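A.B. asks: This is the structure I want to talk about, given as structure tokens.
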Amino acid sequence: MKNKLIISASGPDRNGIVSEISSIINNYNANIETSRMIRLGEQFTTLILIHIDSKHIDNFKFDLENIKNLNIDTILTKSSEKQTSNYFQLFINGADNEGIVYAFSKYFEEKSVNIEEINTSIENAPMSASPLFMMHLIISSNDNLTKDKTFIDSLNKIADRLGVGVDLDKN
């Protein structure tokens, strides 16, 4: 029987980490469904969702935990049963101010909008080289948010207060 397993790993960045992890996944005939890997400062961090035969999970975990200088955590999970029909992309960019992620995530919580994914970065503005905050979100809702004037007006009010621009698109 196949199970889904989430692997969370972090440690000092070095050559070969991805190869070591993927080699162990391959050795157990597991399949990577989704992954995110990034270097943050001097640290490497990854989240990986795999399908693996349940009879291999204990040995698989043991082999992963033996990778040197890497903190590993695994979580057995199930397929999502959630039936959300509408996915949206939200792009936020502007002046780098404290509280941007909090303000928008709090609003989404109040409106029962689920955050599926967030990616943030700081980039230099092309002309002035001043720091610009960039945030790309994938959000989901049972409602069509692009047609909800109240929702969009509230997003714009939050954006104006924080000095950022917002752009919401149906995914």
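A.B. asks: Counting only protein heavy atoms, what percent of the accessible surface of the chain is carbon or sulfur at a 1.4 Å probe?
C.D. replies: That share works out to 47 percent.
A.B. asks: Add -39500 (n - 2.57) for each DSSP H run of 4 or more in the chain, then divide by its residues: what number comes out at 222 nm, to the nearest 500 deg cm²/dmol?
C.D. replies: After summing the helix terms and dividing by the residues of the chain, the value is -8000 deg cm²/dmol.
A.B. asks: So, with +1 on the Cβ of K and R and -1 on the Cβ of D and E, and no other charges, what is the size of the charge dipole of region 1-63 about its Cα centre, to the nearest 20 debye?
C.D. replies: The dipole magnitude comes to about 160 debye.
A.B. asks: To the nearest 0.05, what FRET efficiency results for Met127 and Asp160 with a Förster distance of 22 Å applied to their C-beta separation?
C.D. replies: 0.50
A.B. asks: Let me ask another. Using θ = phi - 60° and the Karplus relation 6.51 cos²θ - 1.76 cosθ + 1.60, list the HN-Hα couplings for region 160-171 in order, rounded to whole Hz, with x at every Gly or Pro.
C.D. replies: 4, 4, 9, x, 10, x, 10, 9, 10, 10, 5, 7
A.B. asks: Counting only heavy atoms of the protein chains, get the accessible area per residue of the chain (1.4 Å probe) and round it to a whole Å² value.
C.D. replies: 63 Å²
A.B. asks: Starting from the Cα of Lys106, draw a straight line to each of the lysines and keep only those under 23 Å, dropping any in the same chain fewer than 8 residues away.
C.D. replies: Lys82, Lys147, Lys149, Lys157, Lys170
A.B. asks: Which one of Gly94, Ser54, Asn69 is farthest out on the positive end of the charge dipole of the chain, using unit charges on Cβ (Lys, Arg +1; Asp, Glu -1) and the Cα centre as origin?
C.D. replies: Ser54
A.B. asks: Once you have the Kirkwood Rh of region 117-171 from its Cα pairs, apply Stokes-Einstein at 20 °C and 1.002 mPa s and quote D in µm²/s.
C.D. replies: Value of D from the Cα-based Kirkwood radius: 166 µm²/s.
A.B. asks: Order these peptides, 34-45, 93-104, by their mean beta-carbon neighbour count within 10 angstrom, highest first.
C.D. replies: Averaged packing, sorted descending, gives the order 93-104, 34-45.
A.B. asks: Here is a further query. Which of Ser112, Ser128, Ser140 moves most in a GNM of the chain, Cα contacts under 10 Å?
C.D. replies: Per the Cα network of the chain with a 10 Å cutoff, Ser128 tops the list.
A.B. asks: In whole Hz, with x marking every Gly and Pro, tabulate ³J(HN,Hα) for region 117-132 from phi via Karplus 6.51 cos²θ - 1.76 cosθ + 1.60, θ = phi - 60°.
C.D. replies: For region 117-132, the Karplus curve yields 7, 10, 10, 10, 7, 10, 10, 7, 4, x, 8, 9, 6, 6, x, 10 Hz.
A.B. asks: With Cα Rg over 2.2 N^0.38 Å defined as stated, name the option among (1) 1.27; (2) 0.99; (3) 1.03 computed from the structure displayed.
C.D. replies: The calculated read-out lines up with (1).
A.B. asks: Shifting gears a bit: If you average the C-alpha positions of region 136-171 and of region 10-71 separately, how far apart do those two centres end up, in angstrom?
C.D. replies: 35 Å
A.B. asks: Taking the Cα centre of the chain as the origin, how large is its charge dipole in debye, to the nearest 20, when only Lys and Arg (+1) and Asp and Glu (-1) carry charge on their Cβ atoms? Don't jump to the answer; show the numbers that get you there.
C.D. replies: Working: 17 positive and 23 negative charges, 62 e Å.
That gives a dipole near 300 debye.
A.B. asks: Further question on the same structure: If you plug each phi of region 100-106 into the Karplus form 6.51 cos²θ - 1.76 cosθ + 1.60 with θ = phi - 60°, what whole-Hz ³J(HN,Hα) values come out, in order, with x for Gly and Pro?
C.D. replies: Calculated HN-Hα couplings, in order: 5, 4, 4, 4, 6, 5, 5 Hz.
A.B. asks: Another one. In straight Cα distance, which aspartates and glutamates are under 16 Å from Lys111, not counting same-chain residues fewer than 8 positions off?
C.D. replies: Asp143, Asp148, Asp153
A.B. asks: I've got another one for you. Amide H neighbours of Asp96 under 5 Å, counting only residues 5+ apart in sequence or on other chains, H built in-plane at 1.01 Å?
C.D. replies: Long-range HN contacts for Asp96: Phe133.
The values are calculated or read from the model by the stated rules, or taken from the named source; none is laboratory data. Nothing here was measured: the structure is a model prediction, and the numbers come from that model. Reconstructed Cβ throughout: ideal geometry from the backbone, glycine too, with neighbour counts over all protein chains shown. Protein only, heavy atoms only, side chains kept; ligands, DNA and RNA dropped before computing areas. Shrake-Rupley method; radii C 1.70, N 1.55, O 1.52, S 1.80 Å.
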